Structures are given as C-alpha cells and as structure tokens.
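As structure tokens, the structure follows; a few thoughts come after it.
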Amino acid sequence: MSDGCETVVDAKGLEGSRPKLTAFIVCLGCVVVLLDVSIVNVALQRISDGLGGRVSDLQWIVDAYTLAFASFLLTGGTAGDRYGNKQVFGVGFVLFTLASVFCGTANNLPALITARVIQGIGAALIIPCSLTLLNHAFDDPAQRAKAFGWWAGSGGVSVAAGPLIGGFLVYLFGWRSIFFVNLPIGIIALLLTIRYIREEKPLPGRKIDWGGQLTSLFALAALTTVLIEGANWGWLSSPIIGLTLAFFLLSLLFLLIEARQSHPMLPLTLFRSPQFSVATSIGLLLSFPFYGLIFTLSLYFQQVCHYTPMQTGLAFLPVTGLLAVMNVYAGRLAAKRGVRFPIVAGLVIGGAGFFWLAFAAHAGAGYAVILLPLLSVGTGVPLILPPVTSVVLASVDRPQVGLASATLNAGRQVGAAAGVAVLGSLVSAGHNFVAGFRVAMIVSGVIYVIGTVLAVRFLPGNNGPASFDREQ
C-alpha cells in the first residue's frame, strides 16, 4: 500500500517539476545553438593552420552554419507543428550532435563546411521548437514569462561567453574540442527530452512550403557565394555574374511563391506594417556589422596582434561581456522612454564605436588603444535588440507572434551571414589586413547610420514599448 502511495507522490512530484525540467532542456538547446554562432571565431586561425585555406574558406566555416540556420528557421517551426515539437526538437539535437562530431573529425575544409551546414539545419529545428515547448510547458502566464526570460538570458550569455569558452578550449585541447564539447551536452539533452518533455498532439494539417524553402535557400546561397568569392573569382567573372542573376531571379520567384501559397513559409502580409518592416530591417542591420566584427576582430587579434586563442577570447570581453548586462537595461530603458530611444541610442553609440575602431586600429596599436571603441560597440549593440523585438511582436496579431519572432531571427541570421561575407572579403581584398579592417569598420559605422535614420523616421517615439499595438 505504501509503495502505491509513494508511486503516486513520485508521479505528482514529476508533474510538478516537469515544466522547470522542460525549461532547463530547451535552454540547453538554446545554449549549444547560439554558443556555436560565436565560439568558432576564435578557433579560425588554428583551423587554418591545421587544414589550410584562405580567409574566404574561413568565412565559409562560419557562414555555412549561419546560412543553413537562417534558411531553415521558419520551416523548422512548421515542421514542429506538423510532426510534433518534441519529435522535431529531438531530431534537431541528433543532427546537431552528430554534425558536431563530424566537424571535430573533419580532415579537410569541404568536410568541415559540409558538417557545419548540417549543424545549422539541426539548430534551425531546435530553436523554434524550443520556444513552442516552453510555451506549452507553463500554464501560469507569470511563470511562462519568467521561463521566456531564462531562455532569452541563456542565449545572450551563450553568445557572450562563446569567444572566451572557445579560446579556453582551443588553448588547452586544440580547435577540434570546440565541436566535441557538444557531444556530451547533446546526449544529455536527448535523454532528458525523451524522459521529461511531454508529448503533444501534432497538427498534420500544417503544410511545409517546400517551394519557398528551396528558393530562399538557393537565393541566399547564391548571394553568400557572390559576397565571399567575388574578390577571388573576379567581380566581372562569368560565375559571379551568373550567381548574381540567379540570386535576383530566385528572390523574385520566392516572392511569387509566397504571394500565391496557401500556407506560405513567410506571409508577405506581415510587411504591411511599417513598424514590422522597419524593425525587422534594423534587426538585420544590427547583426551585419556585429557578427562581421566578431569574425574580422578575431583574425585581427591573432594575425596582427599575434594573440593566442585564449588571449583572443579575453580580448573580446569588452564587447561580449556587456551583452548580458545591457540587454536587461535596454528593456527598462524602453519601458521608461519608449522603444525608439534605446534603439537610436544603441545605434549611435555602436556606430561611433565602429568609426572609432576604423581610426584606432593599426599594426602597432596596443589593446589599450582599441579598448574604448570596443566598449562603445559593446554598450550600444545590446541596447537595440530587446526593444526591436518588442516592436516586431507588438506590430502583429497575437496568432502571428511566433511567426513574427521567427522572421526577425531569420533576418538577423541573414544579416550575420552577409556581415561575415562582406567584412571578411574587405579584410582579405588587398595585401594589407589592417587597411581592409579599417574600411570594414567604416562600412559598419555607415550601416548603423542608416539604421539610425530608419529608427528616427519610422519608429514611434512616444512612451511605452507597445503603444502602437494592434487590436488582438
């Protein structure tokens, strides 16, 4: 009799703790996915030393992951609805973990880049399903909001800690360790997912927009290839001209498919809202210089300053360390002054930091010379994203909130891929790395000026982050 009572108590205890366990598991997914966005950059020089390759090859190592992540992000959410978010989340972890092993064992660059593509697809299945699982795990709105805060916080800390963790692992165990570290995390997450995350009824009526998925994937791949390989192949060479034409034709075809599709991957009606369109554009413009900076600055530290990977990771702290702190402050600032104020302030402060870096960086510059510009970038960038997210979510009807969030994240990943491609090409275009780096920082500053103009012109300046909210 007592055994039966204990079983009932254990079952009730499991049910009571299941939401928190679900939150822990999905946060673990967020951590490994976003950690891989930034952790690889500090290992690039060692990968180049081990496997060879030019700067363009290193760009592909970063962009192969980001491109696949961006391309499949919207489809990942639809797949979760259609086949069950628990199942798709688990499949994403299997793909991500196996691809991490393939990355760690790669003996040449094509194998590593291919494995990075698979990693990106796995990441695109994990992130949207993790949000849905978290939403379904908590019945209490207050607890749900707190759980979303944990999820967002874990992602921010992962991006911030990536260069430092990467530098530490590369310094002690070599560059392959940054991929092998995902193996135990992936296995633990899979076992916990099977054991603790609740099954939910799939929605077989949801259809995957394969036409939109494939055209968007090939369009982004064509654009990325043009941006990375243009300088190597020649901007007027037949392959580059052909890929440029392919990008425009595929983009036009994508728009036609989405306009006529009954279940479009990206409903174009979302962009009827000026606030949504501008905020999504600012999200893309935000990521372009920032992730391009992480890529080029890592090479600057190791090629120009001759830092070790560990020193490189520590040198990133003024930029990445401020992310977690300032993200929280941005939300409070938006609540007091309205969403436009922190966005404009972040773009101005961050843009000033990029322009400052352009003039401060030179071959003999010590770390102290570029420290203040890095602090400026690290202060400005995290002020932008939280209020931009608020604008995006407040500008759509409630049933479209998940899709709007996924669109913003996909746009940010596209911006990140383009930033690495363009800024990386600028530093490798000539024989002087520092001269190319300075041009790249000027371009970054100009992009933030454009973002500032868009924010001032189109975003609401009144108090309250969602004062323009539509009827829901």
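The values are calculated or read from the model by the stated rules, or taken from the named source; none is laboratory data. Treat the numbers as computed from the prediction; the structure is a model and nothing was measured. Heads up, the Cβs are rebuilt from the backbone with ideal geometry, glycines too, and the neighbour counts pull from every protein chain shown. To get the accessible areas, we keep the full protein, side chains included, count just its heavy atoms, and leave off ligands, DNA and RNA. Shrake-Rupley method; radii C 1.70, N 1.55, O 1.52, S 1.80 Å.
Descriptive notes on the structure:
- For the range 248-256, backbone phi angles converted through the Karplus equation (6.51, -1.76, 1.60; θ = phi - 60°) give residue-by-residue couplings of 5, 5, 5, 5, 5, 5, 4, 5, 5 Hz, Gly and Pro being listed as x.
- Near the amide H of Val339, within less than 5 Å, lie the amide hydrogens of Gly464, all on another chain or at least 5 residues away, with H placed in the peptide plane.
- 3J(HN,Hα) couplings calculated from phi for the range 239-245 with the Karplus curve 6.51 cos²θ - 1.76 cosθ + 1.60 (θ = phi - 60°) are, in sequence order, x, 5, 5, x, 5, 5, 4 Hz; Gly and Pro show x.
- Within a straight-line Cα-Cα reach of under 23 Å, Lys336 can be paired with the following lysines, leaving aside sequence neighbours fewer than 8 residues apart in one chain: Lys146.
- With protein chains left intact and a 1.4 Å probe, residues in the range 51-206 average 40 Å² of accessible area per residue.
- Accessible surface of Arg206, taken over heavy atoms with a 1.4 Å probe and every protein chain present, rounds to 90 Å².
- With at most 16 other Cβ atoms within 10 Å, longest stretch of the chain clear of loop GluC sites (Glu not before Pro) (DSSP): 201-470
- Normalised by residue number, the volume inside the convex hull of the Cα atoms of the chain is 150 Å³ per residue.
- Acute angle (nearest 10 degrees) that the helix 317-337 long axis makes with the longest principal axis of the chain, alpha-carbon atoms: 60 degrees
- Taking θ as phi - 60° and the Karplus parameters 6.51, -1.76 and 1.60, the scalar couplings of the range 440-446 work out to 4, 5, 5, 4, 4, x, 4 Hz in sequence order, x denoting glycine and proline.
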